[in-house]
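Nothing in this text is a laboratory measurement; each read-out follows from the coordinates by a stated rule. Everything numeric in this text was worked out from a predicted model, so none of it was measured. Heads up, the Cβs are rebuilt from the backbone with ideal geometry, glycines too, and the neighbour counts pull from every protein chain shown.
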Amino acid sequence: MLGIIGGSGLDRLDGLEAPRKKAVRTPYGRPSGALAFGRMQGREVVFLARHGPRHAIAPHEVNYRANIWALHAQRVKDVVSVASVGGIHPDLVPGTLVVPDQIIDYTHGRRATFGRLTDGAVMHVDFTRPYCESLRQRLLRAAAVAGERIAVEGTYAATQGPRLETAAEIDRLERDGADMVGMTGMPEAALARELGLCYAAIAVVVNHAAGRGTSIEEVRLADFSEVMQRAMTRVRSVLNRLVGLDGD
Ligand code: HPA
């Protein structure tokens, strides 16, 4: 089954057929909210709003372990994360959709591992390619079928937040090789890998990162939601196609 984690701007997945909610508990506490089950294109999917139903959970407060565990416990195999980002690369202007292929983690103090294996050994996982390539390719195919332009790769810098970055921090992220910046990509991706889930993301560029483009003097947060609302229609269309492709 496909799991979808919705970020800012995607707190609900409209159009789910036969929707039903299920509140779950995990050994790591409660997820951000109830899981929403339903069918898209006749196939069962489950949706979870990362920031909670009222968008009250900040990026550093999200219980990433409970969220990923809850999806895994419902027999989810593939997880698509939808997340808003600031664009660092000049091509990544507001409104662009990206399927990132790499991550750099700048977060700190988050619970970033499920811990030890049942035999007590430390859990080390390979993370050379942090996103599941087969799901990335299916997302790109779904976007092509939906007729939506989407950037096929890019490096996602995960920052701690909740404040946005300084212009100098963005310069540094760029020197490090980052193309976009967001606050929720980690530890979500690593936790998914620990549980063997196939995890990929659609990043929605909602602003020029600090010190770039129209954000030279300031990042105008007030503009985010309009860009986001328009882009989310396209994200939904990609997700619909993705579900249709599944099992082809
Ligand atoms: N920085 C960090 N996270 C973000 C941004 C940004 O500019 N835009 C949306 N999420």
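Taking every Cα-Cα distance in the range 94-176 and sorting them into 10 Å bins from zero, the calculated P(r) comes out as 13, 33, 32, 18, 3 percent.
Once you reduce the range 1-49 and the range 155-220 to the center of their Cα atoms, the two points are 24 Å from each other. By the scheme Lys and Arg +1, Asp and Glu -1, what is the net charge of all other residues having a beta-carbon under 11 Å from that of Ala167? Counting the neighbours of Ala167, the net charge comes to -4. Using θ = phi - 60° in the Karplus curve 6.51 cos²θ - 1.76 cosθ + 1.60, the 3J(HN,Hα) couplings for the range 192-203 round to 4, 5, 4, 8, x, 7, 8, 10, 9, 9, 10, 9 Hz; x is entered for Gly and Pro.
Which net charge results when you count Lys and Arg as +1 and Asp and Glu as -1 among the other residues whose beta-carbon is under 12 Å from that of Pro90? After counting each charged neighbour, the total is -2. In the range 2-246, a dipole from Cβ-located charges (positive for Lys and Arg, negative for Asp and Glu) runs towards its positive end, and of Leu16, Gly95, Gly109 it is Leu16 whose Cα lies farthest in that direction. Per-residue Karplus couplings for the range 136-146, computed as 6.51 cos²θ - 1.76 cosθ + 1.60 with θ equal to phi - 60°, are listed in order as 4, 5, 5, 5, 5, 5, 4, 5, 5, 5, 6 Hz, Gly and Pro entered as x. In this calculation the C-beta distance from Arg230 to Glu61 is compared with R0 = 41 Å, giving a FRET efficiency of 0.90. Here the chain is treated with +1 on each Lys and Arg Cβ and -1 on each Asp and Glu Cβ, and its dipole about the Cα centre works out to around 1080 debye.
Each listed q (0.12, 0.13, 0.16, 0.17 Å⁻¹) maps to a log10 I(q)/I(0) for the chain, found by the Debye formula over equal Cα scatterers with no solvent: -0.64, -0.76, -1.18, -1.34. Approximating the spin labels as points 7 Å out from Cα along Cα→Cβ, the Arg20-to-Asp91 distance works out to 4.5 nm.
In this simple spin-label approximation, Asp126 and Arg141 carry label points 7 Å from Cα along the Cα→Cβ vector, and these lie 2.2 nm apart. Placing unit charges on the Cβ atoms of the charged side chains and taking the dipole of the range 140-203 about its Cα centre, the candidate lying farthest along the positive direction among Cys198, Leu164, Gly177 is Cys198. By DSSP, the beta bridges lying fully in the range 2-246 are antiparallel in about 35 percent of cases.
Using the Karplus relation 6.51 cos²θ - 1.76 cosθ + 1.60 with θ = phi - 60°, the per-residue 3J(HN,Hα) values for the range 230-243 come to 5, 5, 5, 4, 6, 4, 4, 5, 5, 5, 4, 5, 4, 5 Hz, with x marking Gly and Pro.
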